[in-house]
Every structure is written in C-alpha cells, then in structure tokens.
Amino acid sequence: MTLTSILPSLRASLPDPLDPALWPASTEATTDDVRVRAVSMQRLAAVAGTPCVHTAEQAPPRYRPRDWVPRDVCVAVAAVTRVRRPWGVLLVELDALLPDCAVLTEARLIGRRSVAPAAAVTVTTNPTGTAGRDAVLPGDVAVGDLVCFPCARALTHREVATL
C-alpha cells in the first residue's frame, strides 16, 4: 500500500511509484505521464497515434548473475474507446490488442491527473467485453483517456494494433 493509494488526492502532486523490475531501464513517472529514456509516452501517442509501442532495454535485476544480458522490453500506449459498468464491474475497452506479455497490474493513466480512488477494472478489446484482464486504474477513467502499460518482451506495432 502506497501513500497515493491511501490519499488519492496526493496524485495531483506526487506520482504513483513504479515497480522498476517491470518497467524498462530509465523509466520515470510523473503526475500525468511516464517517460522511458526521456521519451514521453503521452507525446509518443500524440505523434504516432494509438496504439503505439516504445521498445527499450530491460532494467537490471536487483541481484543479477554475472552472465545476465539485458533483453528488449516495451511500453504500450492505448486509448480508451468505451467504459461500461454492467453488474457493478467497470469494463474498459481499449483500441489495442492485449498481448499475453502485458503487465496490466502496472497500467497507468496518462495525459491527465486523476485524484479519483483506484478501482479494479476489467480491460478488454472486444466490444462484447467477454474476455478481459484485470487491472487497476483510477475510478474516473473515461473515453479518450490514454493507458500506458509495460510488456515483458519487445513487441511490434502490428502485435497490438487492431485491424
């Protein structure tokens, strides 16, 4: 439990902490963005459109063996296309396919500061909302918001783009 999860109003001035083992090396969080090697994911989405991916080098483990070699991992950015609340469950539809390597427990809302309490959501890409994956996002997530999440391996654009 972090201070920003206890007092969500602090998110306006203090970013939620990142797990450095799950994000690429040199990743830093701000109150409304995530930067990977000084590349703003919010700006990347504005220039390239969504969904988009940014590939970077894996962060070193805390205790690494001598023969450890970094591999490429990535960060994906997708836009929220629909938000529904059937049966008391918050369903969030994205404009990207969710690969198996996506770490949705580390999903971040970027592009705006939210002081709403965190809520358990089901993230999906299909309009029926039948096959979703669990994530934690602010409870006031809305259509047009950007969601950023790390992936455990390098992806290409066609692996996350819906056709």
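The values are calculated or read from the model by the stated rules, or taken from the named source; none is laboratory data. This structure is a prediction, so every number in the text was calculated from the model and none was measured. Cβ atoms come from the backbone with ideal geometry, glycine included; neighbour counts cover every protein chain shown. Side chains included, ligands, DNA and RNA excluded: accessible areas come from the protein's heavy atoms. Shrake-Rupley method; radii C 1.70, N 1.55, O 1.52, S 1.80 Å.
How large is the charge dipole for the chain, taken about the Cα centre, if only the Cβ atoms of Lys, Arg (+1) and Asp, Glu (-1) carry charge, to the nearest 20 debye?
Working: 17 positive and 16 negative charges, 18 e Å.
Around 80 debye, computed over the chain.
Karplus-derived 3J(HN,Hα) values for the range 98-108, using 6.51 cos²θ - 1.76 cosθ + 1.60 with θ = phi - 60°, are 9, x, 5, 7, 5, 9, 6, 5, 9, 4, 10 Hz; glycine and proline are entered as x. At full extension, C101 and V143 could sit 12.7 nm farther apart than now, given 0.36 nm per residue minus the alpha carbon distance.
Over the chain, all Cα pairs binned in 5 Å intervals from 0 give whole-percent P(r) values of 2, 9, 19, 22, 21, 15, 8, 3, 1, 0, 0, listed from short to long. Accessible surface calculations at 1.4 Å, restricted to protein heavy atoms, place the range 63-163 at 53 Å² per residue. Apolar share of the accessible surface for the range 64-138: 54 percent from carbon plus sulfur atoms, 1.4 Å probe.
Normalized C-alpha radius of gyration of the range 66-162, against 2.2 N^0.38 Å?
Working: Rg = 14.1 Å, N = 97, 2.2 N^0.38 = 12.5 Å.
That works out to 1.12 for the range 66-162.
Multiply the residue gap between L18 and R82 by 0.36 nm, knock off their C-alpha separation, and tell me the result in nm, one decimal place. Each step should come with its number before you reach the end.
Numbers: separation 64, 0.36 × 64 = 23.04 nm, distance 2.61 nm.
Here the segment from L18 to R82 would lengthen by 20.4 nm.
Every helix of 4 or more DSSP H residues in the chain counts as -39500 (n - 2.57), and over all residues that averages to -2000 deg cm²/dmol at 222 nm.
Let me know the charge dipole size of the range 89-163 about its Cα centre in debye, to the nearest 20, where only the beta-carbon of Lys, Arg (+1) and Asp, Glu (-1) is charged.
On the way: 6 positive and 8 negative charges, 35 e Å.
Its charge dipole is roughly 160 debye.
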